[in-house]
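One structure is given below, encoded as C-alpha cells.
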Amino acid sequence: LLLCLAVGLLAHLVVLGWRYFHLPASYQKQQTLIILVFAALAYLPLLLLTVLPGFLFDVLLLPWELSILLLALSPAGYAYVIYRRNYLGLDIFITRTLTLLIISLLLLSAFSLLFYFVASDLSGILPGTLLIFSLLLGGPYTNRKIRHLVDLVIYGRNAGYQESIAHFTATLSTDPQLETLKGILREVGAMLQVRQMVLMLVDPGDKLVVAERQRVDEDIEPIQVQAIEHLLNNSSVGASVRFKNSDHPIFRQHQWIDYVLPLSTSGRVVGALFLGRPVPDGYLNAEQMGFLHQVTNVMAVAFEAIRLFESSREMSRTLLEIRNAERVLLASQIHDEPLQEISMLASSLLQLAKQGNPDSRLSEELGTHSQALQNISKQLREICAGLYPPVLQQGPQWAVKDVVYDFQQKTDLDIRLSITLPDDTLISEDVTRVVYYLLTESLNNVHKHASASTVWISLSRMENRLLLTIEDDGKATSPAALSLSDLIRGRHFGIAGMYEWTGLIQGKLILEPRDDGGTIVTLSAPLDR
C-alpha cells in the first residue's frame, strides 16, 4: 500500500514537471511551477523522510503525523493559484509561509540526519548543542537564499523593480518637469505590459485632470479628489481593483480601468494612476503592485517638486514681462522728456554760439557745451535703443538683420544669413522680441565660448510656426545636453533665460550638438499669437 502511494505521488510530480517544462514562458507556466512546488513540499518529505528511511533503515526522520499534515499543501497550492487574483495580500502571505516552511523542513531534516548519524558514537549535551548552534548560524544566509527562490517561484524572474525605482527617483530629482513624469509613466507601462494608462494630477481647483494618457481615446472628465479618497477608503492594499469595486462610478463609466492607485504626499491626494488590464496575464501580482506603490510615491513627491519648480518658472516669466515693460516705459520716458530737452538745449547753445563773436571765449564755451550735450544726447539714444530696440517694431526679419550687422561690426565671425520668411507674415512683437534676444544671446555664447569661425543663421516658416536656427562650427557647448534645472544649478543663467523667453510665447527651444562640431540652437514659435 505504501509503495502504491509513493508511486502515485511521484507520478503526480512527474506529470507536473513534464507539463511545466513543455509549456512556453507564460503566466500559465508560472502557475504550474507554483503547483509543482506546493506538491513537492507536500510529497517529498513523506517519501524521503518518512517512507524511504522507514523502509530501508527502520528509522523515521519525520513523524507520520507531520508528513500526513504536509499533504494538505497540495490542494492548498491549487487553491492559491485559483484565488490569488482576488486577494493581493495572499502573495505576501504565501511567500513568507513557504519561506518559513522550507527553512523549517531543511533544518529539521539536517538535524535529524546528523542526530541519527552521531547518536551512536557521541553522547552528552555538548555535541547536540554544537550541532544546533551550527545550524542556527547558517539560518540567516539560508533564509536569504530561500526567500529569493520563493520569490522566483511566486513572482517569476526579477524584473529589476528596485533598480527602476532608483532610476526614476534620480531622473525626477535632476529634471523635475512634467515631461519627465510622462516619460516615466511610459516606462512603467512597458515594464508591466500595461497598454492603457491615464495619469491625472490635481489642478488649482482641487480636481484631478488628465496629464498623460496611453492608448485611451475616450474623454475623461475632471474628478473630485474626494471621489478618489472615497474609492480607496475600504482598500487594505492602498489601491482599488475592479473586482472589488465594480459598482463604483469610475469603474462603471470606464470599462477599461482595472486598477486605481493614488498619488499621495503628506496625507494629501495629489493625483491618481489608472491602469488597464496587463497583457497577457491579465492581472498584477503583489510584487508588481508594491512596485506601483513605490512608483506613485515617487511621482507624488516629484509632482510637488514640479509644481514648485513651475511656480518659480512662472514667477521668472512674470518678472521678465515686468522687466520688459519697465524697459519700454523707461526708454519712452527718456526719449520723450530729457532727451528731447537736451537736444533742444544743445541746439539753442549752438545758435547762441553762432550769433556771438566767433573768436570770443563765450562763443567757444557755448560751442563746447553744445557739443557735450550732443554727445550726451547720442549716449541717451543708444541707451534707449538698448532698452527697447526700435527695430522690434519692424518684424523678425529686420531684427535678425540688425543683430547680425551689429555682430559683424564687433567681431570677426563669418555669419551666413538665410531668410525665407515672407515679408507679409503677421508676427507679434512678442515673438520678434524673443527672436531678437535669443539670437543675441546665442551669438554672444558663440563669440565668447565656442571659438567658432562660421555661424549659419536661418529664419523661415514651417506651416503655422516660425523657425529660427543658429549653427556654429566651434566647440560643442556642454550645457546643450543639460535640462533646465541642471542649467540653473550650474549657473548657466544665459541659456536658462533663453528657455524662459521661449516659454513666454509658448514656443519650443532645442539645443543639440552639431555632427561636425559646434552647437545647433532651434527656436520654434507659433505665429497665431
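None of the figures in this text is laboratory data; all of them are computed from the coordinates on show. These figures come from a predicted structure and were not determined experimentally. Virtual Cβ from ideal backbone geometry, glycine too; neighbours counted across all protein chains shown.
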(Q) Could you compute the net charge surrounding D516? Neighbours are other residues with a C-beta less than 14 Å from the C-beta of D516; K and R count +1, D and E count -1. (A) -3
Q | Size of charge dipole - region 358-453 - debye, nearest 20, with Cβ of Lys, Arg +1 and Asp, Glu -1, no other charges | A | 180 debye
Q. For region 363-449, which semi-axes, largest first and in whole Å, follow from the square roots of 5 times the eigenvalues of its Cα gyration tensor?
A. 32, 18, 11
Q: Compute the distance in nm between two label points, each set 7 Å from the Cα along the Cα-to-Cβ direction, one at L320 and one at K401.
A: 2.7 nm
**Q.** Added length on full extension, which subtracts the Cα-Cα distance from 0.36 nm per residue, F57 to L2
**A.** 18.2 nm
Q. Over all directions, what mean area does the Cα convex hull of the chain project, stated in square nanometres?
A. 42.6 nm²
Q) Using the alpha-carbon atoms, what tilt in degrees (0 to 90, nearest 10) does helix 27-44 show relative to the longest principal axis of the chain? A) 30 degrees
Q) Assuming a viscosity of 0.692 mPa s and a temperature of 37 °C, what translational diffusion coefficient in µm² per second does Stokes-Einstein assign to region 161-307, Rh being the Kirkwood radius over Cα pairs? A) 215 µm²/s
Q: Could you please report the charge total around V455, scoring K, R as +1 and D, E as -1 over all other residues with beta-carbon less than 12 angstrom from its beta-carbon?
A: -3
Q | Crossing angle, helix 73-83 versus the chain [Cα axis fit, 0-90 degrees, rounded to tens] | A | 30 degrees
Q: Mind listing the long-range amide H neighbours of V455? Cut-off is under 5 Å, sequence gap 5 or more, other chains count too, H placed in the peptide plane at 1.01 Å from N.
A: D414, I415, R416
Q. Among the lysines, which fall within straight-line cross-link reach of K448, defined as a Cα-Cα distance under 16 Å, with same-chain neighbours fewer than 8 residues apart omitted?
A. K410, K475
Q) Between the helical axis of 139-155 and the dominant principal axis of the chain, each derived from Cα atoms, what acute angle in degrees is found, rounded to the nearest 10? A) 80 degrees
Q. For the pair Q393 and D219, what calculated FRET efficiency results from E = 1/(1 + (r/R0)^6), where r is the Cβ-Cβ distance and R0 = 51 Å, to the nearest 0.05?
A. 0.70
Q. With a sphere of radius 9 Å drawn around the Cβ of R195, what net charge do the other residues whose Cβ falls strictly inside it have (Lys, Arg +1; Asp, Glu -1)?
A. +2
Q.
Can you work out the Karplus-derived ³J(HN,Hα) for every residue in region 435-448? Use 6.51 cos²θ - 1.76 cosθ + 1.60 with θ = phi - 60°, whole Hz, and x for glycine or proline.
A. 4, 4, 6, 5, 5, 4, 5, 5, 5, 4, 5, 4, 5, 8
Q) How large is the Kirkwood hydrodynamic radius of region 1-94, in angstrom, based on all distinct alpha carbon pairs? A) 14.4 Å
Q | Rounded D (µm²/s) - region 3-46, Kirkwood Rh over Cα pairs, Stokes-Einstein at 10 °C, 1.306 mPa s | A | 147 µm²/s
Q.
Could you give me D for region 391-526, from Stokes-Einstein at 4 °C and 1.567 mPa s, where the hydrodynamic radius is the Kirkwood radius over C-alpha pairs? Units µm² s⁻¹, please.
A. 87 µm²/s
(Q) Going by amide H atoms built from the backbone, whose H comes under 5 Å of the H on A211, apart from near neighbours? (A) L199, M200, L201
Q.
Counting only helical runs of four or more DSSP H residues, what would the 222 nm mean residue ellipticity of the chain come to if each run contributes -39,500 (n - 2.57) and the total is spread over all its residues?
A. -19500 deg cm²/dmol
Q.
Under 13 Å from a point placed 7 Å out from the Cα of R465 along the Cα-to-Cβ direction: which residues of region 501-529 have their backbone N that close?
A. 506-511, 522-528
